[in-house]
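Read the figures in this text as sums done on the coordinates, not as results from a lab. This one's a predicted model, so the numbers in the text were calculated from it and none came from an experiment. Cβ placement follows ideal geometry from the backbone for every residue including glycine, while neighbour counts extend to all protein chains displayed.
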Amino acid sequence: MTTSATTSPLATYALRLGDDALVLAQRLAEWSAKAPELEEDVALTNIGLDLLGQARALLSYAGEVEGKGRDEDSLAFLREERDFLNVQLVEQPNGDFAQTIARQLFFSSWQLAVYDGLTSSADDTIAAVAAKGVKEVAYHHDHAVQWTLRLGDGTSESHQRMQAGLDRMWPFVEELFVSDEVEASLTEQGVAVDVSTLRTEWEETVGAVLAEATLEPPDASWTARGGRDGIHSESFGYLLAEMQHLHRSHPGARW
Amino acid sequence: MSDTGSDLQAEGGHGAVPTRDVPATESTAAGAAAARRDWPLWEVFVRSRRGLSHNHVGSLHAPDAPMALRNARDVYTRRMEGVSIWVIPAASIVASSPDEKDPFFDPAADKAYRHPTFYDIPAEVQHL
C-alpha cells in the first residue's frame, strides 16, 4: 500500500528526493572495504555519506510536512518496500566497478540538474538542501565522469565492462524524466523542477562524456517505470532488509 | 538476471562482488596485487590555511595526476583540513641518501652560532 495519495504533494516530493539519496547511499556503502583500491573505497563511501546527509534533511522535512509524527528514522527504517518512492535506477545492484560508475554517471548528471534548479525553489528548506547538495553532487558527477573516461578509453577489458555497465543501467534512465501531477502542481508553485525539461541537457552532457570515452550510447529495448509510485525491482527488498534490520531488531538503537 | 555476467559472485542485498579487480589482467590474487602496484605512488601536500605553506600529509596510489588530486581530496581533506592540495609523483622526488648523512648534516652540528639564540629578546615581544 502506498501512502503518497493521502499526504501533501510537498511531503511526497521531499520523500522522493530523499529516498533517491538514501537508497543510493546504501548501495554505495556496500562498496565499503570492497572497492578495487583503498582510495576508491574512500571516494565511493564519501559520496554515499554526502547522499545520506541529503537524505536525512529531506526525510526529516517530509516527516515534518506530513505532520504524522514520523521522523527521519521511522521513514527510513520502518516503511515497507511499496512506500519507498525512489527511482529504480538508484536501487540497481552495484555489479562491478564499471556498473557502479555507469549508475553514478546517469544519476549524478540528473541530480545535478535537479538540485541546480531547486536552489531557486520557492520552498526555503528544499532550496537550502539543494544549495548545499549541489556542491556535493558536482563532485559526484566529476568523479563519475573521470572514471567513465578512463574505463571507456582504457583497456579493451575496461572498455567492454564500462559499455556493459551503461547498457545495464540504461533502461532505468527514462524514469528520471517522467513528470506527474505531484511534480506538476509543485512546479506551478515554483517549488519543484519539471524533470521532463531536463532531458535534452542531460543527453548532451552524458552524450559528450560517452563520445570522449569512446563508448556507444546504449539502446534501450525496454524502460523501467513505477519507482515514484512504490514499484521496485527484485533486488530492492534485499537492500531494505539489510538497511532496516538493525533498527527493527533493536528499536531506538544508537551508535 | 543474466546481464551482469558470470564473473559476479553475488547479487542482491550484499551487492554483486566482482571476482576480479577492474584494472587487473589476471584473476589470481598475486596478479591482482601486481596490478594494484601498477598504479603509481603520489605524495600529497595540503595547505591548511591561506598564508601557510603546503605540508606533506601522506601518500596514495592513483592512475594519473587528475585522479591523484581527487583521491587526495577524498582521503586527506574530508575534515576540512585544507584549502589547497598538491600531488607529486613519488618517483619525481629527489631525496638525500642515508649513506650521505654524515657529509650532508654533520658539519652543521658544531655551528651553534647559526641558531638565533644570541639575542636579548625584549619582554614585550611575544610568540617568538
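Can you pull out the GluC sites (Glu not before Pro) in the stretch A:56-132 whose DSSP state is coil and whose Cβ has at most 15 other Cβ atoms within 10 Å?
On the way: sites: A:Glu64, A:Glu66, A:Glu72, A:Glu80, A:Glu81, A:Glu91; in loops: A:Glu80.
Answer in residue order: A:Glu80.
Sticking with the crude label model, points 7 Å out along Cα→Cβ, report the distance from A:Glu203 to A:Lys135 in nm, one decimal please.
3.4 nm
Can you give the average number of partner chain beta-carbon atoms within 10 Å of each beta-carbon in peptide A:90-97, as a whole number? Don't jump to the answer; show the numbers that get you there.
Details: counts 0, 0, 2, 10, 8, 11, 11, 4.
The per-residue average across the peptide is 6.
Within 10 Å of each Cβ of B:58-67, how many other protein chain Cβ atoms are there on average? Could you put the intermediate results ahead of the total?
Numbers: counts 0, 0, 4, 4, 3, 6, 2, 0, 4, 8.
Counting Cβ atoms of other protein chains within 10 Å of each residue's Cβ and averaging gives 3.
Measure out, as a whole number of angstrom, how far apart the alpha-carbon centroids of the stretch A:56-94 and the stretch A:107-164 sit.
Between the Cα centres of the stretch A:56-94 and the stretch A:107-164 lies a distance of 21 Å.
Within 10 Å of each Cβ in A:22-30, how many Cβ atoms from other chains are there, averaged over the peptide?
If you average over the peptide's residues, the count of other-chain Cβ atoms is 1.
Given 25 °C and 0.890 mPa s, how large is the Stokes-Einstein diffusion coefficient of the protein assembly as shown in µm²/s, with Rh as the Kirkwood radius over Cα pairs? All intermediate terms of the calculation are to be shown ahead of the outcome.
Numbers: Rh = 23.2 Å.
The estimated diffusion coefficient comes to 106 µm²/s.
Run through the stretch B:46-128 and list the chymotrypsin sites (Phe, Trp or Tyr not before Pro) located in a DSSP loop whose Cβ has at most 16 other Cβ atoms within 10 Å.
Working: sites: B:Tyr76, B:Trp86, B:Phe104, B:Phe105, B:Tyr113, B:Phe118, B:Tyr119; in loops: B:Phe118, B:Tyr119.
Qualifying residues, ordered by number: B:Phe118, B:Tyr119.
With axes computed from alpha carbons, what is the tilt in degrees of helix A:38-66 against the longest principal axis of chain A, rounded to the nearest 10 within 0 to 90?
Compared with the principal axis, the helix lies near 30 degrees.
Can you give the angle from 0 to 90° between the axis of helix A:199-212 and the longest principal axis of chain A, with both taken from C-alpha atoms, to the nearest 10?
30 degrees
Okay, helix-only estimate at 222 nm for chain A: each DSSP H run of n ≥ 4 adds -39500 (n - 2.57), divide by all residues, round to 500 deg cm²/dmol; what do you get?
Values: 9 runs with 157 residues, N = 255.
That calculation yields -20500 deg cm²/dmol at 222 nm.
Among rounded, prolate and oblate, which fits the stretch B:38-123 when a ≥ b ≥ c are the square roots of the eigenvalues of its C-alpha gyration tensor, a/c under 1.5 means rounded, and a/b larger than b/c means prolate? Spell out each step's value before the answer.
On the way: a/c = 4.56, a/b = 1.55, b/c = 2.95.
Here the stretch B:38-123 falls in the oblate category.
What is the angle, in °, between the Cα long axis of helix A:124-152 and the longest principal axis of the Cα atoms in chain A? Nearest 10 is fine, range 0 to 90.
With both axes taken from Cα atoms, the answer is about 20 degrees.
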